[in-house]
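Take a look at the structure set out below.
Since every read-out is calculated from the coordinates, none of them should be taken as a lab result. No experiment lies behind these values; they were computed from the predicted model shown. Methodologically, a virtual Cβ is constructed for each residue, glycine included, from the backbone with ideal geometry; neighbour enumeration extends over all protein chains shown.
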Amino acid sequence: MLGDNFNILKLSDKFIINGNRELAGEIEVRGSKNAAGPALVACLLTQESCIIDNLPLIEDIHITIEILKDMGASAEFLSERKVKITCQNISPEKIDFVKFAKTRISVLFLGPLFARFNAFKFPSPGGDKIGLRPITVQLNALRKLGAKIEKEGSVYSVERNGIMAKEIVLQEFSVTATEIIMMASCLAKGKTIIKGAAAEPHVKDLGDMLLKMGANIKGHGTHVIEIEGVEQLHGCEHTVTSDYLEAGTFIVMAALTPGRVVVKNIDFNHLDLFLSKLEEIGVNFDRQENSVTVFYSPFIKPVKVQVLPHPGIATDLLPILVPLLTRAQGKSLIHDPLYGGRFGYIDELRKMGADIEIVDPHRSFVFGPNTLKGIIIESSDIRAGAGLIIAALMADGKTTINNVFQIDRGYEKIEERLQKIGADIKRISN
């Protein structure tokens, strides 16, 4: 039955973690949440069946499949992580607004729905609370393709009379705007050019899938993408790329605790600058063909870390790095120009004993070294929660992390996987 293997959100669940335990063994990186979502949504572009493999079994992906089913799609799991999606008889009027508002992935439905239907309605999408995340860029890009969009309360109405292929200059390197326009313009008449396109690995992965479906796309994975519209798309089989954000999380975890951990199923093309920064910081690791062996790294150096669009260090990896910098001998500067208000997790780290000064909504100083102490803390979003798990693993004593449903949205059964390499972590359900 669909959903049996997924992490299903339990809002009252918490993690209890006893820190300073040795970690040893192997841990495998799952499929990318940020690539799996667009792949599932892209199935709407054809009435033929698409098979998507290497799905992470997490809540956001479960909700995305449920939204498809509500609209009339069929979803058949062929194995634990492989699903066959058929979107033959689709009705956007059947969108479940409550489910739609639970995940940020839902904004991607605008692309194929716009390509397939003359009119539809949708609510404001959900997701992490990490500062303002308006969908202005996404809506303005759709308007350039001919969309008429109005908002009444929290509900948007979209109408079109054809799709106008044209050159679109995005106002920022928006991943979701890029993915929406890629999908929306596949069936347009003529050529659409996206300038200022996002180049993240999941954008490249979506483009690869669309090519398999018969789309005519060039430049995906760069900042200029060209899409020549075609009459129709067909079904395909696609394997979702591995999650470079999860890989980064496990590498940092292993560096901060005694032991030796092998992180498997890594695509190094997605982590070049991040791994270079870890070497600068003093993390000890050896690369193999598609894995990294990480050794305990007690001598951490202070650095400046600035978030940048890909191939820069991802904004989602900054909360992963900050616990590492609390061990550094000196002052580090972290800078996230992309999102204001994403430093909520810093307040939780300070409760644990971290010496961190928030300069403004985008910059903070991290002073070290400090020894973190286990207390009761709150997870505010997916990556903040992962960063707090890292902090708890390196802390003295017992840490309780509340709101772990946020972590479940992005990491599949993380406590079970960490237990297998020696972490003292357990889930408590009330």
Original post:
For P38, what charge total do you get from the other residues with a beta carbon under 9 Å from its beta carbon, if Lys and Arg give +1 and Asp and Glu give -1?
Top reply: -2
Original post:
By count of other Cβ within 10 Å, fewest leading, how are I358, I194 ordered?
Top reply: I358, I194
Subject >> Long pairs among K84/K212; K33/K331; K151/K189; K301/K420, criterion Cα-Cα beyond 26 Å >> reply: K33/K331; K151/K189; K301/K420
Subject >> segment 363-412 - Debye-derived log10 I(q)/I(0), Cα point model, q = 0.21 Å⁻¹ >> reply: -0.76
**OP:** Relative to the compact-globule scaling 2.2 N^0.38 Å, provide the ratio for the alpha-carbon radius of gyration of segment 221-292.
**Re:** 1.54
**OP:** Give, as a single signed number, the net charge of other residues whose beta carbon lies under 11 Å from the beta carbon of L324, with Lys and Arg counted +1 and Asp and Glu -1.
**Re:** +3
**OP:** May I ask you to sort R287, R104, R363 by Cβ crowding, counting other Cβ atoms within 10 Å and putting the fewest first?
**Re:** R287, R363, R104
Subject >> Total charge dipole magnitude, the chain, about the Cα centre, Cβ charges on Lys, Arg, Asp, Glu only, Debye to nearest 20 >> reply: 600
Original post:
Can you pull out the cysteines in the chain that have no other Cys Cβ under 4.7 Å?
Top reply: C87, C186, C236
**OP:** May I ask for the percentage of alpha-carbon pairs in segment 155-259 that lie more than 18 Å from each other?
**Re:** 55
Original post:
How much mean residue ellipticity at 222 nm does the chain get from its helices, if each DSSP H run of length 4 or more adds -39500 (n - 2.57) and you divide by all residues, to the nearest 500 deg cm²/dmol?
Top reply: -8500 deg cm²/dmol
Original post:
Based on the alpha carbon coordinates of the chain, what radius of gyration and maximum Cα-Cα distance (Dmax) apply, in Å?
Top reply: 21.4, 62
Original post:
Quick one: putting +1 on the C-beta of Lys and Arg, -1 on the C-beta of Asp and Glu, what dipole do you get for segment 297-359 around its Cα centre, in Debye to the nearest 20?
Top reply: 200
Original post:
Cross-link partners among aspartates and glutamates for K148, C-alpha distance below 16 Å, same-chain residues fewer than 8 apart left out?
Top reply: E159
Subject >> Dimensions in Å of segment 33-239 - Rg and Dmax from alpha carbons >> reply: 15.3, 42
Subject >> the chain - share of DSSP beta bridges that are antiparallel (%, nearest 5) >> reply: 70
Subject >> DSSP beta bridges in segment 33-239 [antiparallel fraction, %, rounded to 5] >> reply: 75
Original post:
Counting Lys +1, Arg +1, Asp -1, Glu -1, what net charge surrounds I168 among other residues with beta carbon under 9 Å of its beta carbon?
Top reply: +2
Original post:
Could you give the radius of gyration (one decimal) and Dmax (whole number) of the Cα atoms in segment 336-430, in Å?
Top reply: 13.7, 40
**OP:** Could you check the simple spin-label distance between D286 and K304, using points 7 Å along Cα→Cβ, in nm with one decimal?
**Re:** 3.5
**OP:** Order by neighbour count: S12, S32, S242, fewest other Cβ atoms within 10 Å first, most last.
**Re:** S12, S242, S32
